[in-house]
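Right, one structure below, let's go through it.
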Amino acid sequence: MLNTLLLIGGLALILAGANGLTDGSAAVAKRFRISDLVIGLTIVAFGTSAPELVISVLSALNGSAEMAIGNVVGSNIFNALMIIGCTTLVLPIKVGEGTMSKEIPLVILSSLVLFVCANDMMLDREAVNVISRSDGFVLLAFFLIFMRYTFAIARNGADEAGEEQKIKEMPVWKSVLYIAGGLAGLIFGGQLFVDGASGLARSWGVSESVIGLTLVAGGTSLPELATSVTAALKKNPGIAIGNVIGSNLFNIFFVLGCSATVSPLPMGNINNLDLSVLIASSLLLWLVGWFFRKRTITRLEGALMVGCYVVYTAYLIAQQ
């Protein structure tokens, strides 16, 4: 019961902290006349992925590498299958041509890069698979390239970069208060969440990798799920695609990059099946954009994606 309370309380603090940090930072950026589009592609994207960053870095510091990696891999699978699937069930998603030809392939590339970084035994004949510090720096280098591409889109005013965000305006003192409170919520909530999740894994006799791939991944993806479903209810389902693309790239390149540079991450029980499902979910997201109706993800395809996620989760649980 204590572990469950730690998990729920930690998650509540993380979500509140991420929201506060995002609103405060965006208000400060707006005051310095930074465009709404740039704020949306950077600060807001960071805010929705902040839970994954905090959980993974703290897990790495605490020696829970499987939870750090499982959190990212599981979150990306959840984003691509469950968030897009659920959003599409509310309203079909029209996908832009640039998204299909440039941005979703970037998500596929990020999954392939992670697969290569995580396969030391197969590629280099090493004794164990580890995402090393050098791998972390490589991932961070990819993140810088992605950010350069993002700012190029914003500067060119590309329509497919996503809709502009509505930024809350507030006084400077209130912005600082939101940022400080948000950071505090993320740090303390993250520690509570990691402690609770680790405790649950021990009490249930379940590996940290499975907890990371399912419970932790789903919990930290709540901001993306809420954003996407709300956008669909407001007749703007296309926001979900940009939300998922930005989050998935951020998770692999920045979250795992930071976590691995803090401490090398042994793969443990997270194997090539999980990484293959990650790659397959990215490919499926790209493929469904072309089938049935060109560049539109239909409700039938959304139901297929949700079904795939349910099957994968059931397999993980059955293996325990």
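A few remarks follow.
- Residue within the range 253-264 that is open to solvent by less than 40 Å² (accessible area, probe 1.4 Å), under 30 Å from residue 28 (Cα atoms) and at pLDDT below 85 present: no
- The set of residues in the range 69-124 being under 12 Å from the mean Cα position of the chain (by Cα) and aliphatic (A, V, I, L, M) consists of 69, 72, 73, 77, 80, 83, 107.
- When each of 5, 21, 53, 15 is tested for being within 20 Å of residue 181 (Cβ to Cβ) and modelled with pLDDT of 80 or more, the lone residue that passes is 53.
- Residues in the range 180-236 that are of a type in the set (Asp, Glu) and touching an Asp or Glu at 6+ places or on another chain (Cβ under 7 Å): 208 alone.
- Candidate set from the range 143-165 (those that are open to solvent by less than 60 Å² (accessible area, probe 1.4 Å) and closer than 20 Å to residue 53 by Cα); member that is modelled with the lowest pLDDT: 150
- Taken over the range 94-129, residues that are open to solvent by less than 40 Å² (accessible area, probe 1.4 Å) and either within 15 Å of residue 72 (Cα to Cα) or assigned to a helix (DSSP H, G or I) (or both) amount to 14.
- Number of residues in the range 281-296 that are part of a helix (DSSP H, G or I), open to solvent by 40 Å² or more (accessible area, probe 1.4 Å) and in contact with a Ser or Thr (Cβ under 9 Å, 6 or more places away or on another chain): the value is 1.
- Check on residue 223, in contact with a strand residue (DSSP E or B) (Cβ under 7 Å, 6 or more places away or on another chain), over 19 Å from residue 310 (Cβ atoms) and modelled with pLDDT under 80: no
- Some residue of the range 10-20 being open to solvent by less than 10 Å² (accessible area, probe 1.4 Å), more than 16 Å from residue 249 (Cα to Cα), in contact (Cβ under 8 Å) with a residue 24 or more places away in the chain and not in a helix (DSSP H, G or I): no
- Taken over the range 53-93, the criterion of being among the polar types (S, T, N, Q) and either open to solvent by 10 Å² or more (accessible area, probe 1.4 Å) or farther than 17 Å from residue 186 by Cβ (or both) is satisfied by 62, 64, 76, 79, 87, 88.
- Residue in the range 280-300 that is under 24 Å from residue 62 (Cα atoms) and in contact with an Asp or Glu (Cβ under 9 Å, 6 or more places away or on another chain) present: no
- Given (1) surrounded by 24 or more Cβ atoms within 10 Å (Cβ to Cβ); (2) over 12 Å from residue 80 (Cα atoms), index of the condition residue 318 fails: (1)
The values are calculated or read from the model by the stated rules, or taken from the named source; none is laboratory data. A quick note: this is a predicted structure, and the numbers were derived from the prediction, not measured. Backbone-built Cβ (ideal geometry, glycine too); neighbour counts: all protein chains shown. When the accessible area is computed, the model is the full protein with side chains, heavy atoms only, and any ligands, DNA or RNA have been set aside. Shrake-Rupley method; radii C 1.70, N 1.55, O 1.52, S 1.80 Å.
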